[in-house]
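**Q** I have a structure here, written as structure tokens, and I will follow up with some questions on it.
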Amino acid sequence: MALRRSPSATCAESWTNGASFMRVATALSESSSIHSDALFHLTRDVSGMGLDPMSYSLLEPTPFKEEPSAEECESLLQRNSMQIPPSDDKIPVRDSTISQEGSKEGLCFSDGRRKVDYVLVFHPRRHSSVRSPPGTSISLDRLSIVSNGNFPPAVDPDAAAERGGGIPAGEAANVGEVCMELGDEGLNEPTEPADHEMRLIRQEFEANLLEAGLEIERDKECKTHGPSFTRLHAPWPVLCREAEFLKIKVPTKTSYELKEEKGFGSSMSTVWKKLKQPFQPKVPHQEHERNKVLSHCFSRDKLHLYNITSKDTFFDNATRGRIVYEILRRTVCVRSCQTIGISTLIAKGVYDAAFPLHDGDYKVIGHVEEKTDRQVLHEEWARYSAFYKYQPIDLVRKYFGEKIGLYFAWLGVYTQLLIPASIVGIIVFGYGVATVDTNIPSQEMCDESLNFTMCPLCDGACDFWHLSTACGTARASHLFDNPATVFFAIFMSLWAVLFLEHWKRRQISLSFSWDLTGIEDDEEHPRPRYETILLQKRQRKQKHKKKKKKKNEPEKPEDGTVTGKDRWRQKLLSTMAAAIPAAIEKLTWKDRLPGYCINVSSILFMFGLTFSAVLGVIIYRITVSALMAMSPDPETKSNVRVTVTATAVIINLVVILILDEIYGAVALWLTELEIPKTETNFEERLILKAFLLKFVNAYAPIFYVAFFKGRFAGRPGNYVYVFNDYRMEECAPGGCLIELCIQLSIIMLGKQLIQNNIFEIGIPKLKKLVRAIKDKGSTEAEIEDERPPKQWNLDYALAPFEGLTPEYMEMIIQFGFVSLFVASFPLAPLFALLNNVIEIRLDAKKFVTELRRPVAVRAKDIGIWYNILSGMGKFSVIINAFVISFTSDFIPRLVYQYMFSQTGTMHGFIDHTLSYFNVSNLKAGTAPLNSDHGDITVCRYKDYREPPWSSDAYTFSKQYWCVLAARLAFVILFQNLVMFLSLVVAWVIPDIPKTIVEQLKREKKLLVDVFLREEKEKFQLIQSLFSKDASKHPGSHVIPQSQGAPLPGRYSTLPPGATQAGDGGGGGPRARCRAASFSQFTRKIPPSPKNENENARHTAV
């Protein structure tokens, strides 16, 4: 690695201009960290000296700078061994746009052999109107870094000689350099100072990537339009090093046959497989189901154990992208305030994006012998025509990683289990349809001969009315409010438990088949915002210390000498400061306290906003009902309740959709204020806030209808008024359950249809259209330069992947609709099933065709979402118990039939639930102005109260207290019964399948056998080495086997057959030999004999 610059530039000029400083560190060993001691010392020196020539307003909030001296510049250059030859002014620059015919459709470097594992994107942002400040000269330096890959790129000798000037053509062709420009040679247009600083940061970052072992190929930075791409490739040694560091499990040469079931279970399994065959996706290269390949964490010392057929394909593209991302995530960049990782540089605007490439185009053009994984996923998974097929979960995991694979596996399990819930819901609804004509309460409400005259629904304008006019509402209410509803509520509560238990088993099975058992959580680096706040805190402390130090410094005498006492005091303080270890800087609760206060107040404000929206809709219903009741049109009067209910629910839906988008942005802002340290903490806090706000927003109107509507309306003669003019609304004559059903169905279907489908399809296409219009000019110029466009251009045009939180959130809210209020709407599982069948293919199409490829992230489970599902499942038991007991008429019917009915039937139930009211007790101005019913003295209203002729008129009757006690008893009984049954179901179904337990034990035993065999072969090889050495040097002293070889026993790691007991060992103590590494002998010995086992050969990396 060499740095070449113009000989006329001095050290002081290089520091002043800031364009020539580039750290060049030594290469790393394979086992060492990429952050070397030299980097640490240089970072400390640069940060302490404040070598910061330009404004860092874009990079750091409160910069702290000091002017360095020329001596410090020279010493720093000498300490870091930066040799600058004076003769080399120019070097060849790699142009990635030439000789790309063999680049395999833009998936490889220009040599056509090295894969592009990752892409970094940035915009030069040059503006010709901007002039550099006077006296600021941009250096013409270039940085030439020799590629350390296995396949050096071929450089055209003539082009190299023509562009390089000082380097011979033959040398340029032999070395094979991947060169990066450090200056602006050949450009007439200047750059902005901030952009120039960004370029320096990029160059330092990429130099550190080269130091870490990556290979780089990038576009010329002199591009005047469009984005510039930096392509990264990880060679085999880097892949091996990082795979060992990340403990990536890879397949070995050992495999075993899975145990087959016998008897009746085997025949049933065979039949079930044949039935499922038409629904299986056509995925090539599926592993044989009867054989399982043994996997083990990658180790460079055990390459002979792995099934390595080709170094290029041993690690798949997703794993390669993950390895490169790990390097990018932990690479230090000193110039950007000692920050770590690519995410920080993207947040600071140094890079625009960073992503791995898709495996070519998803469309199959012509006849292709072997489809790529992306094409297979598009054909068999990401199409609406494949809705009836199972998901190729293993291929999804292979292409996108475990985290996304687990999401789609969870969504598939949830959708499959909605099938039995939908069938039972249809049966319950069918039971209501079949029994509606034989339902006695509905018949009594529709019987005009009974002539129940009801009290007015509003004051003044409303007249008395007959109960038979609400016949349609009563019949519709019976469809959902019947005895089968109670059974369905119990069934759905148990279904939620069964779903969670089934998912746990499925999750463990996937973890076993995907080799996720026993993995450790990856170490996470701090988020960019956390680093920025921590830097500000550190700078404030430094300023405070300097001020304090100046105050505490002793006043020097006028002659400038320091007395002995002061000198002794300074030495003592410096010694004490050096002895105390520096505390690790981190943010405390005091730093986060303002964010916590804003969080609490903002969440309470959002709750108030949601309740205000619900109150506004309530006021709308009350006012519109009163206005429509005053209408002279009789048809308008008859449709008051239906019209008001439908329009109010639509308004609720619109408000919910608007507030959902607002709450998503607010939750993100509030989480940023908390300054979480890692991405995992950030994601968990964001999920909790977003779920809390969206849960309250979606279910507040439903909770009002279910538990509050009609409870506080009062009674005739003593109604509760809003704004002293409008009466509180009451439930329909058939009960509030039918209104709850209407509310739940419209909100659920509206959210699924509009938010989950139209928004997911329409908004991405709209964003893509806007982005295409903005980039129209640059795209046309880019097409002129490059035909056809490369894969990195196509992927950059796709939308970035923003996480799985929105996908999970919409399914969790839907799970609430299915489980919480399912007693009021048995068809909810059916509509959820129909939505999810489309949702799976919609999400699949989005991931395959519309999003950039995400980094393959390991995950053992679905994280905090499981806890939310479990909590909602338990909460649904309580909600359904209260809905059945307080919202429906199920308990009043039971109480009447078994306590108050003379015949033990439901005859007379309607008359039993209606109380009497004396019309003369109405307040002045509330009686009907014009009544068509003649002289009415008594009217009826729905409540359990004493009649006006009783001594305790209009007080709650004995029936009211009986019904209330029965309702509370039902809640307690229902809750405890369902909880007990849930515990029984969870206890009966084991979390880990029995077959998985047996296979884990078998794999552990096989691994032990493999390693014992390897140790035995090592021991035999060492013995043969000693015997050969003894034959070559017969006069040397050879340790007998019984004395020098470790015997089987307490301290031996070898199998018993690896050693033989000596016959003349005597009774002395056993000798314990020092353990020898096998790698110590491989460098000195000839190749092993041909008759040795092939597995005994070790390959050094």
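The values are calculated or read from the model by the stated rules, or taken from the named source; none is laboratory data. No experiment lies behind these values; they were computed from the predicted model shown. Quick reminder, even Gly has a Cβ in these numbers, built from the backbone with ideal geometry, and neighbours come from all protein chains shown. Keep in mind that these areas ignore ligands, DNA and RNA; they rest on the heavy atoms of the full protein, side chains included. Shrake-Rupley method; radii C 1.70, N 1.55, O 1.52, S 1.80 Å.
**Q** Hand me the list of helices (runs of 4 or more DSSP H) wholly inside segment 348-454 holding 2 or more residues that are within 30 Å of Thr313 (Cα to Cα) and charged (D, E, K, R).
**A** Numbers: elements: 373-380, 393-400, 402-435, 440-446.
It comes to 373-380, 393-400, 402-435.
**Q** Report those helices (runs of 4 or more DSSP H) wholly inside segment 576-693 carrying at least 1 residues which are modelled with pLDDT of 90 or more and open to solvent by less than 50 Å² (accessible area, probe 1.4 Å).
**A** Working: elements: 589-629, 634-638, 640-673.
Correct list: 589-629, 640-673.
**Q** Do we find that Val818 is modelled with pLDDT of 90 or more, in a loop (DSSP other than H, G, I, E, B) and hydrophobic (A, V, I, L, M, F, W, C) in this structure? Spell out the reasoning first.
**A** Numbers: modelled with pLDDT of 90 or more: yes; in a loop (DSSP other than H, G, I, E, B): no; hydrophobic (A, V, I, L, M, F, W, C): yes.
Taking the combined requirement at face value, the residue does not satisfy it.
**Q** Here is a follow-up. Being modelled with pLDDT under 80 and open to solvent by 70 Å² or more (accessible area, probe 1.4 Å) is true for just one of Arg540, Arg527, Arg567. Which residue is that? Please lay out each step first, then the result.
**A** On the way: Arg540 fails: modelled with pLDDT under 80; Arg527 fails: open to solvent by 70 Å² or more (accessible area, probe 1.4 Å).
None of the other options fit; the residue is Arg567.
**Q** Which residue pairs have Cβ atoms closer than 7 Å, lie 6 or more positions apart in sequence or on different chains, and pair a first residue in segment 460-484 that is closer than 15 Å to Cys939 by Cβ and without any contact (Cβ under 8 Å) to a residue 24 or more places away in the chain with a second residue that is open to solvent by less than 30 Å² (accessible area, probe 1.4 Å) and hydroxyl-bearing (Ser, Thr, Tyr)?
**A** Note: pairs meeting the criteria are His466/Thr453.
**Q** Could you please let me know if Arg527 is closer than 30 Å to Ser343 by Cα and either in contact with a helix residue (DSSP H, G or I) (Cβ under 7 Å, 6 or more places away or on another chain) or of a type in the set (A, V, I, L, M, F, W, C) (or both)?
**A** On the way: closer than 30 Å to Ser343 by Cα: yes; either in contact with a helix residue (DSSP H, G or I) (Cβ under 7 Å, 6 or more places away or on another chain) or of a type in the set (A, V, I, L, M, F, W, C) (or both): yes.
So Arg527 passes the test.
**Q** Going through segment 483-524 one residue at a time, which ones are at pLDDT 85 or above and part of a loop (DSSP other than H, G, I, E, B)?
**A** Within segment 483-524, Trp514 is the sole residue that qualifies.
**Q** Does Val822 meet the test of being hydrophobic (A, V, I, L, M, F, W, C), surrounded by 19 or more Cβ atoms within 10 Å (Cβ to Cβ) and more than 22 Å from the chain's Cα centre (by Cα)? Walk me through how you get there before you give the answer.
**A** Numbers: hydrophobic (A, V, I, L, M, F, W, C): yes; surrounded by 19 or more Cβ atoms within 10 Å (Cβ to Cβ): yes; more than 22 Å from the chain's Cα centre (by Cα): yes.
Answer is yes for this residue.
**Q** Can you give me the number of residues within segment 360-394 that are closer than 22 Å to Arg505 by Cβ, hydrophobic (A, V, I, L, M, F, W, C) and open to solvent by 20 Å² or more (accessible area, probe 1.4 Å)? If you could, list the steps in order and put the result at the bottom.
**A** Taking segment 360-394 first, the residues closer than 22 Å to Arg505 by Cβ are 390-394.
Pick out the ones that are also hydrophobic (A, V, I, L, M, F, W, C) and you get 393.
With the extra rule that they be open to solvent by 20 Å² or more (accessible area, probe 1.4 Å), the set shrinks to none.
Summing the residues that are closer than 22 Å to Arg505 by Cβ, hydrophobic (A, V, I, L, M, F, W, C) and open to solvent by 20 Å² or more (accessible area, probe 1.4 Å) in segment 360-394 gives 0.
**Q** Determine whether segment 794-808 contains at least one residue that is over 25 Å from Arg374 (Cβ atoms), of a type in the set (Gly, Ala, Ser) and at pLDDT 75 or above.
**A** Initial filter on segment 794-808 (over 25 Å from Arg374 (Cβ atoms)): none.
No, every residue in segment 794-808 fails to be over 25 Å from Arg374 (Cβ atoms), of a type in the set (Gly, Ala, Ser) and at pLDDT 75 or above.
**Q** Ok, one more. Applying the selection to segment 789-812, what residues are open to solvent by less than 10 Å² (accessible area, probe 1.4 Å) and β-branched (Val, Ile, Thr)?
**A** Ile812
**Q** Only residues that are modelled with pLDDT under 70 and not basic (Lys, Arg): list them for segment 761-783, please.
**A** Listed by number, the residues that qualify are Asp775, Gly777, Ser778, Thr779, Glu780, Ala781, Glu782, Ile783.
**Q** Only one of (1) in a helix (DSSP H, G or I); (2) modelled with pLDDT of 80 or more; (3) not hydroxyl-bearing (Ser, Thr, Tyr) fails for Lys547. Which number is that?
**A** Every condition holds for Lys547 apart from (2).
**Q** From the list Asn317, Asn291, which residue is surrounded by 16 or more Cβ atoms within 10 Å (Cβ to Cβ) and either under 20 Å from Arg853 (Cα atoms) or not β-branched (Val, Ile, Thr) (or both)? Walk me through how you get there before you give the answer.
**A** Working: Asn291 fails: surrounded by 16 or more Cβ atoms within 10 Å (Cβ to Cβ).
Going through Asn317, Asn291 in turn, just one is surrounded by 16 or more Cβ atoms within 10 Å (Cβ to Cβ) and either under 20 Å from Arg853 (Cα atoms) or not β-branched (Val, Ile, Thr) (or both): Asn317.
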